[in-house]
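The values are calculated or read from the model by the stated rules, or taken from the named source; none is laboratory data. Computed from a prediction, not measured in an experiment: that's the story for all the values here. Neighbour counts run over all protein chains shown; Cβ positions are idealised from the backbone, glycine included. For the accessible areas, the whole protein counts, side chains as well, though only heavy atoms, and no ligand, DNA or RNA atoms are used. Shrake-Rupley method; radii C 1.70, N 1.55, O 1.52, S 1.80 Å.
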Amino acid sequence: MEFCCDYLVETRDFWNNFATISNYGDGESEGKPVVPGKGEICFSYTRERRQFGGPYIFGDRAAILDVDIQPNAETAAHVTVQDMADKSSQISTRMSSHEVNTTRANYVTSSMNHTEGGWPKDINFHDPEQVIRFRKKVEKDEMYTHAILQLLLPMEHCVHQNNAINIYELYFSEYEDSEMGGQSNFKTVNVFRDMCSSKRPVANISWSPDSGSRLAVTHANLNFQRETNDNFNHSYIWHIENPNKPEVIIDAGVPVVCLEYNPRDLNSLAGGLANGQVAVWDVRRGGTPLETCDHYHSFREPVMSVLWINSKSGMEFFSAATDGQVKWWDVRKLKMPLETLILDISKNGDQQLSRALGASVLEYESTIPTRFMVGTEKGIVICGNRKGKTPAEKLGVQYQAHHGPIWSVQRNPAFLKNFLTVGDWTARVWSEDCKESSIIWTSYQKTKLTRGAWSPTKPSVFYTTRVDGTLDVWDILLRQKEACLSIKVCDDAIHGLRCHDNGEVVAVGNDVGTTYIIEIAEKLVRASKNDKAYLTAMFERESRREKIIEAKLREQRLKMRAKQEAVGQKSPLPCVPSSLTDEAIEVLTNEFLTKVQQGDAPVTEPS
C-alpha cells in the first residue's frame, strides 16, 4: 500500500494524520523517492496489510541522503552579501520630560510659653476680686497710658491680619435645627465591675481632668449593721478603654466613701474614708495614701463628700460628714484642718455638735470661691459663705427642699443663681432669690430618686437616677411632667452619677458594684442658639411668680396676726416656727398635751 505526501508543504499533516509511517513490528518498511509531475517531491512507502496496527518500534540509523539540490549559478550571481544590521521602530509619539522646581521658602520653627496675662506670682487670676484690684492698681500708674499707646499700633496690625478672613464663620446659622422630633437614642459604651466577691455599692464616681480618660470609682457599704468583708476595701481607677483590669487599686485600709480628682493635677486625688479621716493620693506612687489626717481632728462619722476649692496653691479642699461638720484642709498640712464649721442653724449664740445637721452632699463653684452649699440629711440646703465673721453669717440662707436626705446639689453651669436638688421622690430647681419654694419641680415619681446632675453642655438638661435602676434625662424646655428619655440601665438601685465634661457620656454605678458608661443622643447634648435665651426667660418668669406668691402669703400672715392682736387672743393652735429643732418639737408637744388636759387654756408660742 502506498502513501504520497508533499515533502515541503504537507509533511506536518502527513506525520499528524498517518502515524504509521515508521517501523512496525519486526519488519521494515521500504521507502523510495518518487518524482511525480509538477516538480513535487514525494516518498512511496510499502508494507504488507497484515502488519498494519502493530506496536511502534523506534530506532536510530545513520543519515541517508534522499535529495541533493545544487545551487543555481545564475541566481547566485545576483545575491549581494551584507553585514547583519538591527533597526527598531516605535509607533507611539516621542515625548521628552522636563522638571522645574520653584524657589524654596525657608521656614523656622519656634515655640513660645504664654502664661495667662503674665500675672504676678502673688495674684490668683482665678479670683475675680484679686484681678479687679490688680487692674485698678495698674491703671492708676503713669506709664500705663504710655505703654498702651506703644502697643496699640502692632496690636492693630495683627488684628487687621486676623480679620482678613474669618475662618470660624458659621454658615446657615439663621436656620433652626429640625432635629428635636423623633426618638432619642443611647448606647452603653463600657461596663466596669467590682473585683470583690461580695457585692459592694458604688459610692462615688469622679472623672479625671485630662478630658476624662480615667474614672475613679469608690465602693463602700454604708448601710446600718451591714455585713461587709473587712479584708477587701479596694476602690479603683479605671481607664475607660480597658474594663478588664484597673490601672490603680486604691487601698486605704478602710472603705473609701468619696474620691475626687484635683482639677489642676491629674495625678492628685483627695478622698474621705468610712472611719471619718481624709486622705490624699498620688497615682504615680501607687494606691496607698500619701498622707492621712489625725484621728483626733477627723470626723466622727463617714465622710460623705470631698471637693477641691479654688486657692492660690491649688492644694486646698473641704469635706463634710454626717456628724454635722464641714472642715477645710491643706494637702501640705493635712494633720489638722484649716477651719471647722458646725452645721448648727439654731438661733442660739453658741454652736453645739449635738444640734448639728448631718451633711450628705457638698456643692462648690470655682467662679464663686467663697460660696459653698451643703445638703443635709433633714432635707435642708444651706447656702454658706466662708468669709462670714460669725457662724450665723457663714451658714447664710437655708432652703427647706425635701422631706428626707438630699442626695445631690448642683448649680446650673450657665445660670449660677439656679441650682438643682434631688431627694425623696422629686427633683427641684431653685433660685437664690426665692427662699420659700422652688421655681420648677418634677412630678412625684413612683420610686425614690437617688442622684441628679446638670448637663455641662446643654443648660436645660439634667439627669436623675432612681432606685429601680433607671436613668432619666429631663429637658425643662420641652416638658416638665415627664422625662424626655428613660433608660433602664439595670435592675439594681443606682447611687452613683457623674457627667463627663463633654456632656456626651454619663457614668452611673449601682448597688452591686457595677459602673456603666452611657452615651446620650446628640440632640440632648448639643444646645441650639436660642436655648439660653429661652431658659433665661423661663427662670425669670418662674422666679417672678414665686416672689408674687411669697408676698401674698406674707401679707395674709400679717393680716391674720393683726386681727388676733386686735381681738386680744392668740391662735388656738401653737405657732409653728420656721425651723423645727428638737427643742422646738419638744416644746410644741408639751404645749399640745397641756392644751388637751386644761381645755381652753392659752398656748404660749415657743421662742
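The single residue among Gly503, Gly509 that is on the phi > 0 side of the Ramachandran plot and either among the small types (Gly, Ala, Ser) or modelled with pLDDT of 90 or more (or both) turns out to be Gly503. Of the residues making up the stretch 501-545, those that are of a type in the set (D, E, K, R), in contact (Cβ under 8 Å) with a residue 60 or more places away in the chain and in a loop (DSSP other than H, G, I, E, B) number 4.
Within the set Arg226, Arg193, the sole residue that is open to solvent by 90 Å² or more (accessible area, probe 1.4 Å) and modelled with pLDDT of 90 or more turns out to be Arg193.
Residue count for the stretch 133-166, restricted to those that are under 28 Å from Asp122 (Cα atoms), of a type in the set (Gly, Ala, Ser) and loosely packed, with under 10 Cβ neighbours inside 10 Å: 0. For the stretch 472-486, does any single residue satisfy the condition of being at pLDDT below 90, buried (at least 17 other Cβ atoms within 10 Å of the Cβ), of a type outside the set (D, E, K, R) and assigned to a strand (DSSP E or B)? Yes, some residue in the stretch 472-486 is at pLDDT below 90, buried (at least 17 other Cβ atoms within 10 Å of the Cβ), of a type outside the set (D, E, K, R) and assigned to a strand (DSSP E or B). Scanning the stretch 390-413 for residues that are in a loop (DSSP other than H, G, I, E, B) and open to solvent by 40 Å² or more (accessible area, probe 1.4 Å) returns Thr390, His403, Pro405, Pro413.
Per this entry, Glu339 is counted among residues that are modelled with pLDDT of 90 or more and open to solvent by less than 70 Å² (accessible area, probe 1.4 Å). For the stretch 249-267, does any single residue satisfy the condition of being closer than 15 Å to Val217 by Cα and of a type in the set (Ser, Thr, Tyr)? Yes, some residue in the stretch 249-267 is closer than 15 Å to Val217 by Cα and of a type in the set (Ser, Thr, Tyr). Taking the conditions exactly as written (at pLDDT 85 or above and more than 50 Å from the chain's Cα centre (by Cα)), does Met538 satisfy them or not? Considered against the rule, which asks whether it is at pLDDT 85 or above and more than 50 Å from the chain's Cα centre (by Cα), Met538 comes out as no.
For Gly287, are the conditions met, namely being farther than 30 Å from Glu377 by Cβ, touching a Ser or Thr at 6+ places or on another chain (Cβ under 9 Å) and part of a loop (DSSP other than H, G, I, E, B)? Yes: the conditions hold for Gly287.
Against the condition under 30 Å from Lys312 (Cα atoms) and in a loop (DSSP other than H, G, I, E, B), how does Asn113 come out, does it pass? So Asn113 fits the description; yes. Test each condition in (1) surrounded by 10 or more Cβ atoms within 10 Å (Cβ to Cβ); (2) closer than 30 Å to Asn310 by Cα for Asp122 and report the one that comes out false. Only one criterion is unmet by Asp122, namely (1). The numbered conditions (1) charged (D, E, K, R); (2) more than 34 Å from the chain's Cα centre (by Cα); (3) open to solvent by 30 Å² or more (accessible area, probe 1.4 Å) are all true for Asp344 except (3).
Is at least one residue of the stretch 214-221 of a type in the set (Lys, Arg) and surrounded by fewer than 15 Cβ atoms within 10 Å (Cβ to Cβ)? No - not one qualifying residue is present in the stretch 214-221.
Is it the case, given these coordinates, that Glu99 is part of a helix (DSSP H, G or I), open to solvent by 100 Å² or more (accessible area, probe 1.4 Å) and out of contact with any His (no Cβ under 7 Å at 6 or more places or on another chain)? So Glu99 fails the test.
I'd like to know if the stretch 278-291 contains one or more residues that are in contact with a Cys (Cβ under 9 Å, 6 or more places away or on another chain) and at pLDDT below 90. No; the residues of the stretch 278-291 include none that is in contact with a Cys (Cβ under 9 Å, 6 or more places away or on another chain) and at pLDDT below 90. One residue is enough: does the stretch 53-71 have a residue meeting the conditions surrounded by 10 or more Cβ atoms within 10 Å (Cβ to Cβ) and modelled with pLDDT of 80 or more? Scanning the stretch 53-71 turns up at least one residue that is surrounded by 10 or more Cβ atoms within 10 Å (Cβ to Cβ) and modelled with pLDDT of 80 or more.
This table checks each residue for (1) surrounded by fewer than 20 Cβ atoms within 10 Å (Cβ to Cβ); (2) more than 25 Å from Ser455 (Cα to Cα); (3) modelled with pLDDT under 90.
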position	(1), (2), (3)
Gly375	no, no, no
Gly379	yes, no, no
Cys383	yes, no, no
Gly388	yes, yes, yes
Val422	no, no, no
Val429	no, no, no
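Listed here are the residues, each with its yes/no results for (1) among the polar types (S, T, N, Q); (2) touching a Cys at 6+ places or on another chain (Cβ under 9 Å); (3) modelled with pLDDT of 85 or more; (4) open to solvent by 100 Å² or more (accessible area, probe 1.4 Å).
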site	(1), (2), (3), (4)
Lys529	no, no, no, yes
Ile548	no, no, yes, no
Lys552	no, no, yes, yes
Thr581	yes, no, no, no
Phe592	no, no, no, yes
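Taken over the stretch 450-465, the criterion of being open to solvent by 40 Å² or more (accessible area, probe 1.4 Å) and either among the basic types (Lys, Arg) or within 17 Å of Phe539 (Cα to Cα) (or both) is satisfied by Arg451 alone.
Restricting attention to the stretch 196-211, the residues that are touching a Lys or Arg at 6+ places or on another chain (Cβ under 8 Å), in a loop (DSSP other than H, G, I, E, B) and polar (S, T, N, Q) total 1. Could you go through the stretch 197-208 and let me know if any residue there is touching a strand residue (DSSP E or B) at 6+ places or on another chain (Cβ under 9 Å) and either more than 30 Å from Asp282 (Cα to Cα) or at pLDDT below 90 (or both). Within the stretch 197-208, one or more residues are touching a strand residue (DSSP E or B) at 6+ places or on another chain (Cβ under 9 Å) and either more than 30 Å from Asp282 (Cα to Cα) or at pLDDT below 90 (or both). Among the residues of the stretch 293-315, those that are assigned to a strand (DSSP E or B) and either out of contact with any Lys or Arg (no Cβ under 9 Å at 6 or more places or on another chain) or open to solvent by less than 10 Å² (accessible area, probe 1.4 Å) (or both) comprise Val303, Met304, Ser305, Val306, Leu307.
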